[in-house]
Structures are given as structure tokens and as C-alpha cells.
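Here the structure is laid out as C-alpha cells; the discussion comes afterwards.
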Amino acid sequence: MQLRWLGIVGALLPALAAAQTGRGPYARIAVLRPHAGRTVDFEAGYIRHLEWHRQARDPWAWYGWTVWAGERQRWFVYATFGRSAASLDSAVAPAEDERDNVLNVVPHAEFVGNALYEFLPALSRGTAEPQPTARLELTTVELLPGAARAFEAALDAARPALRGETLWYRMVAGGATPRYVRLRPRPTLAAVADGWGEQALADGVSPLVARTTVEILTLRPTMSLGLGSPPRE
């Protein structure tokens with residue numbers, strides 16, 4: 001019986017690993033707000049939690065950013081990209097992950113957002129996963145009801161004029177819809193400033209938009225996992 005059980009486990013492990021590492025168009029983007037006066041404790045706790053992921057051999061890459069400019073200044077954004085639908089249901093040890101999260105992160109921060117997005121390659125320049133540059137321009141666009149089709153058509157028409165990495169995602173779940181986000185990785189603040197004229201959305205979309213926000217995020221390599229060789233903090 002034991003040998004049979006070991007055989008079953010051995011057969012399932014490759015399938016589980018394939019599900020966990022499956023590539024696809026989906027991204028999870030979440031936001032944490034450190035409690036007042038607890039930023040240092042929060043960052044230390046989050047780093048401990050990432051160590052749990054490392055020890056658990058989590059195959060996913062996790063980005064961590066601090067909001068540098070915007071209404072949510074000093075809030076923390078974390079995300080994973082390029083996930084398949086199947087992999088979303090195959091995260092590493094969800095119960096243990098949550099237990100460690102409650103122990104190390106929850107006492108020091110409030111979870112204020114968690115959404116699932118789909119990458120839109122036909123409207124973008126780049127892949128489903130952004131380059132881990134030192135800065136990131138995050139544009140959030142909330143549309144009027146029923147405007148999604150016209151908005152995407154306008155982005156499609158404007159795609160040939162895109163300069164540099166420009167990634168569009170459509171929110172699938174996690175908030176009011178229709179909502180889109182645009183990521184534009186930038187190596188420096190100078191690059192952000194030089195490209196401010198390109199922040200404008202496609203011509204003709206203004207009547208479709210209820211609200212647009214532009215934030216600048218700073219990559220936190222020590223609060224990220226599996227990014228290869230990101231820039232140093």
C-alpha cells in the first residue's frame with residue numbers, strides 16, 4: 001500500500017509542478033497600506049514572508065514596489081505576472097502561506113486591494129511580464145459603463161505609435177469595472193520625466209473615461225522574489 005501511495009504521489013508531482021509554473025496572460029496585483037508608524041516593522045515582516053516563499057520553493061516571481069509619487073505615497077504594491085488560469089489554482093501551500101502571512105504581515109499593514117488582470121498583447125508593446133526596472137509608471141483607467149469595446153479599439157489604433165515597453169491589462173475581478181492598468185517600466189526618474197508627454201491616452205478616449213490616475217513606483221528588490229538581476233536599492 002505504501003509503495004502504491006508513493007507511486008501516486010510521484011505521478012502527481014510533475015502535474016502539480018506544471019500547473020504551478022504554467023505561463024499565461026493573467027496577473028495578480030495587490031496593494032498594502034502600512035499602519036502609521038509601522039513601515040519598518042511591515043517591511044521586515046514582508047521580507048520574512050518572502051523567505052517562507054523561498055523556503056517553499058515557490059516558482060512564481062513576485063514584484064514588490066513602493067509608491068513614490070501619487071495619492072497612495074509609501075503604500076506597497078506587490079504583483080505576479082504571466083500566470084496561466086490553471087496556475088492560479090495551484091499556488092504553493094495556500095494554507096501555510098496564509099498562516100505565515102497572518103503571522104508576519106497582517107499585524108503591520110492593511111490589505112486594501114487585490115485584483116486579477118488579463119494582459120492584452122494586441123494593445124501592448126512587450127510581454128505579459130514587465131521588465132524589473134528601478135521605476136514603474138502605473139496608470140489606472142476607470143471607464144464609464146459600456147465603454148470597454150470603444151476604449152480597446154482606440155488603444156489598438158494607437159499601438160503602432162507606442163515607444164518603449166507599454167503593457168495594458170484588463171481587470172477581470174477585484175473591483176469596479178471596466179478598469180484597465182498600463183505599466184511602463186522606466187530605468188530612472190529622468191526617463192519618467194522625459195516621457196511625460198507620452199502619458200496621454202489614445203485620441204478620442206476622454207469621453208469614455210471616468211477617472212485616470214498616474215503613479216510612479218519604486219522597485220524594492222529586497223521585497224521581491226525571483227526577478228533575476230533587478231537593480232539594487
- Which of the residues spanning the stretch 22-75 are in contact (Cβ under 8 Å) with a residue 60 or more places away in the chain, of a type in the set (D, E, K, R) and touching a helix residue (DSSP H, G or I) at 6+ places or on another chain (Cβ under 7 Å)? Arg38, Asp41, Glu43
- Message: What's the number of the only condition in (1) outside any helix (DSSP H, G or I); (2) out of contact with any Phe, Trp or Tyr (no Cβ under 8 Å at 6 or more places or on another chain); (3) at pLDDT 95 or above that His49 fails to meet?
- Response: (1)
- Which residues, taken from the stretch 50-105, are among the small types (Gly, Ala, Ser), open to solvent by less than 50 Å² (accessible area, probe 1.4 Å), more than 17 Å from Val40 (Cα to Cα) and out of contact with any Gly (no Cβ under 6 Å at 6 or more places or on another chain)? Ala56, Ala69, Gly70, Ala79, Gly82, Ser90, Ala91, Ala93
- Name the residues in the stretch 106-129 that are open to solvent by less than 60 Å² (accessible area, probe 1.4 Å) and either touching a Phe, Trp or Tyr at 6+ places or on another chain (Cβ under 7 Å) or of a type in the set (S, T, N, Q) (or both), would you? His108, Ala109, Leu116, Tyr117, Glu118, Phe119, Leu120, Leu123, Ser124, Ala128, Glu129
- Message: When the residues of the stretch 204-221 are narrowed to those that are assigned to a helix (DSSP H, G or I) and exposed (fewer than 13 other Cβ atoms within 10 Å of the Cβ), which ends up modelled with the highest pLDDT?
- Response: Pro207
- Looking only at the stretch 77-119, and only at residues there that are without any contact (Cβ under 8 Å) to a residue 60 or more places away in the chain and under 30 Å from Ala161 (Cα atoms), the one that is nearest to the chain's Cα centre (by Cα): Ala79
- Can you name the residue in the stretch 149-195 that is of a type in the set (S, T, N, Q) and either over 21 Å from the mean Cα position of the chain (by Cα) or open to solvent by 60 Å² or more (accessible area, probe 1.4 Å) (or both) and is also nearest to Trp68 (Cα to Cα) among such residues? Thr188
- Taking into account only those residues within the stretch 139-148 that are touching a residue at least 24 places away in the same chain (Cβ under 8 Å) and more than 18 Å from Arg72 (Cα to Cα), which is surrounded by the fewest Cβ atoms within 10 Å (Cβ to Cβ)? Pro145
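The values are calculated or read from the model by the stated rules, or taken from the named source; none is laboratory data. What you are looking at is a predicted structure, and each value in this text was computed from that prediction instead of being measured. Virtual Cβ from ideal backbone geometry, glycine too; neighbours counted across all protein chains shown. The area values use the complete protein model at the heavy-atom level, side chains included, leaving out ligands, DNA and RNA. Shrake-Rupley method; radii C 1.70, N 1.55, O 1.52, S 1.80 Å.
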